[in-house]
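The block underneath contains the structure these notes are about, expressed in structure tokens.
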């Protein structure tokens, strides 16, 4: 019972508001003004929405990526890690084409978490992936460092019509990062 109470206490967000600052955005998948980041009202997740993250094969391998550095502002005495990520988009892959979605996230000086999913053509549909790491890597307690996330789309194909996007045809949020909060030892 005590272990369950301790686990639930670790999942509770810190008191007060949590805000998020975008430190930097770079990459071919997120030209200036095409990416937004928002914190959820319950402080348990943040979302990244891309409005122009599309890669087209054009007869060979093509890829685009986006790197975003974020700083979460929250009450002292807490830290966070990524408990799960949800990605979504649309893929049109012709026969023999392949699409790859890759995601990395890290705090400076901490291990990088990776995920990668491959889709095979023929396919013309929305895609949705949920990744849950084997263990949550929480950021440092004392020296708050920015979280860096990188997303990449890659398409291989013989035709010119294969493409993948990191959004969806119904304009839903493309990526959600669910947070795991932890109270720091005093």
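Among the residues of segment 140-184, write down those that are under 21 Å from residue 15 (Cα atoms) and either at pLDDT below 80 or under 16 Å from the mean Cα position of the chain (by Cα) (or both).
Hits for segment 140-184 are 146, 147, 177, 178, 179, 180.
To keep it simple, each residue is scored yes or no on (1) in contact with a strand residue (DSSP E or B) (Cβ under 6 Å, 6 or more places away or on another chain); (2) modelled with pLDDT of 90 or more.
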| residue | (1), (2) |
| --- | --- |
| 87 | yes, no |
| 93 | yes, yes |
| 97 | no, yes |
| 105 | yes, no |
| 108 | no, no |
| 116 | yes, yes |
| 125 | no, yes |
| 131 | yes, no |
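Criterion applied to 19, 47, 79 was being at pLDDT 90 or above and closer than 29 Å to residue 123 by Cβ, and the one residue passing it is 47. Which of the residues belonging to segment 23-43 are more than 14 Å from the chain's Cα centre (by Cα), surrounded by 11 or more Cβ atoms within 10 Å (Cβ to Cβ) and within 24 Å of residue 55 (Cα to Cα)? Hits for segment 23-43 are 26, 27, 28, 31, 34.
The values are calculated or read from the model by the stated rules, or taken from the named source; none is laboratory data. From a predicted model like this one, the values you see are computed outputs, not experimental measurements. We place every Cβ from the backbone using ideal geometry, glycine too, and count neighbours over all the protein chains shown.
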